[in-house]
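Working notes, structure below.
The values are calculated or read from the model by the stated rules, or taken from the named source; none is laboratory data. Keep in mind that what you see is a predicted model, and the values were worked out from it rather than measured. We place every Cβ from the backbone using ideal geometry, glycine too, and count neighbours over all the protein chains shown. Surface areas here come from the heavy atoms of the whole protein model, side chains and all, with no ligands, DNA or RNA. Shrake-Rupley method; radii C 1.70, N 1.55, O 1.52, S 1.80 Å.
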Amino acid sequence: MARAIVYTEFGSPDVLHLIEVPDPIALSGEAVVRIDAAGANPIDAKLRSAKRPSPPITEPRAVGFDGAGVIDSLGDDVDGFAVGDRVAIRDTVGTYSTLLAVPIEKLVALPDSVTAAEGAGIGIPAGTAYQALRSLGLSGGDVLLVHGGSGSVGQAAVQFAVAWGATVVATASPARHDQLRDLGATPVAYGDGLLERVREAAPDGVTVALDCAGTDEAIEVSLELVADRDRIATIVRGPDAASFGIRAFSGGSPVPLTEQELAWRAEALGATVELLASGDFTIELGPELPLAEAAQAHELMESGAASGKIILIP
Ligand SMILES: NC(=O)c1ccc[n+]([C@@H]2O[C@H](COP(=O)([O-])OP(=O)(O)OC[C@H]3O[C@@H](n4cnc5c(N)ncnc54)[C@H](OP(=O)(O)O)[C@@H]3O)[C@@H](O)[C@H]2O)c1
């Protein structure tokens, strides 16, 4: 039997529990992946706690969207993958498990130089950062402000922006500033006085802002600094972004992502694997916990105490 983390009611992390489930079967166009690592994302906890609304629970609900592992079996009509291939998984519900059936278009092959934990840390963070910056039309002449630059999405945004030639200022707690400098950004501390600190760090002005923090401060400072509100976006304040005249990409936004935006999120998986393989991208990995300790992983994630991507190991 396979094992999977599920919940049957919304609530605190302890609603998560490990159950045995029948081994999945690969349908046409699918691969069953033996999971080696699952990435924990804030959305997993927001859905679990019902901070992000979702349909009523009518059967045990699986958890997790990002993962990596090895192809165990293949359905019909699958080209380009073979049993035994190492793969990264994006956008597939239920990666907190030992075996998962995954549509082939949600997989990218992993080279030997990219670890399973790294592969499990790409899907949502890099996909969101890549799409957001593409949507904002970021290019070489821009000065980008990233709020929450030390987080998983923020670090990905910093690295894409630097690779595309932009100048980047990123907010983080002081303990994370050296790390942001290493990624090519000018770090500034969030909190009182942020506006002045960003002005000092970007004397020629800021042309684009991406909010990965969701604070009032992040929104207010972005509005103050960036003249064109179409070049300010939040990935957290979806519900009230429109009231500020700024853009939101998911994050509770009533406006769905466009086909192009979904395509950018998909494209990011392969693009990031290539950058990782060539040593031009890093994913900060955090604590690794056994799959059965998914509840502790969520506690840790929600406390904000751990830095780096929290990984579950089946
Ligand atoms: N819309 C979407 O599609 C989408 C996709 C992915 C994520 N998200 C959302 O985006 C947010 C970030 O996700 P993530 O995976 O990057 O989370 P994460 O890795 O946990 O990072 C969160 C970051 O927030 C920073 N932070 C905490 N308090 C802050 C403040 N007052 N001002 C500025 N930054 C602050 C922390 O920085 P320090 O450690 O330096 O304090 C931390 O690095 C979450 O709310 C998540 O749900 C949305």
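General remarks:
- Subset of the range 275-304 (residues that are of a type in the set (Asp, Glu) and within 12 Å of the ligand (Cβ to nearest atom)): Glu284, Glu302
- Among the residues of the range 5-28, those identified as touching a Pro at 6+ places or on another chain (Cβ under 8 Å) and open to solvent by less than 20 Å² (accessible area, probe 1.4 Å) are Val6, Tyr7.
- Just so you know, in the range 97-116 the residues that are among the small types (Gly, Ala, Ser) and not in a strand (DSSP E or B) include one that is most open to solvent (accessible area, probe 1.4 Å), and it is Ser113.
- Long-range neighbours under 7 Å by Cβ, at least six apart or interchain, first residue closer than 14 Å to Thr128 by Cα within the range 234-248, second in a loop (DSSP other than H, G, I, E, B) and of a type in the set (Val, Ile, Thr): Thr234/Ile246; Ala248/Val255
- Among the residues listed as Ala157, Ala175, the single one being farther than 19 Å from Ala37 by Cα, within 16 Å of the ligand (Cβ to nearest atom) and more than 20 Å from the chain's Cα centre (by Cα): Ala175
- Exactly one residue among Ala202, Ala189, Ala170 is among the small types (Gly, Ala, Ser), away from the ligand (no atom under 13 Å from the Cβ) and open to solvent by less than 30 Å² (accessible area, probe 1.4 Å), and that residue is Ala202.
- Entirely in the range 209-314, the strands (runs of 3 or more DSSP E) that have 1 or more residues that are closer than 19 Å to Gly119 by Cα and at pLDDT 95 or above: 285-290, 309-313
- In the set (1) open to solvent by less than 30 Å² (accessible area, probe 1.4 Å); (2) farther than 21 Å from Gly141 by Cα; (3) among the acidic types (Asp, Glu), Asp211 fails one condition alone, (2).
- Filter result (part of a helix (DSSP H, G or I) and open to solvent by 10 Å² or more (accessible area, probe 1.4 Å)) within the range 129-154: Tyr130, Arg134, Ser135, Ser152, Val153
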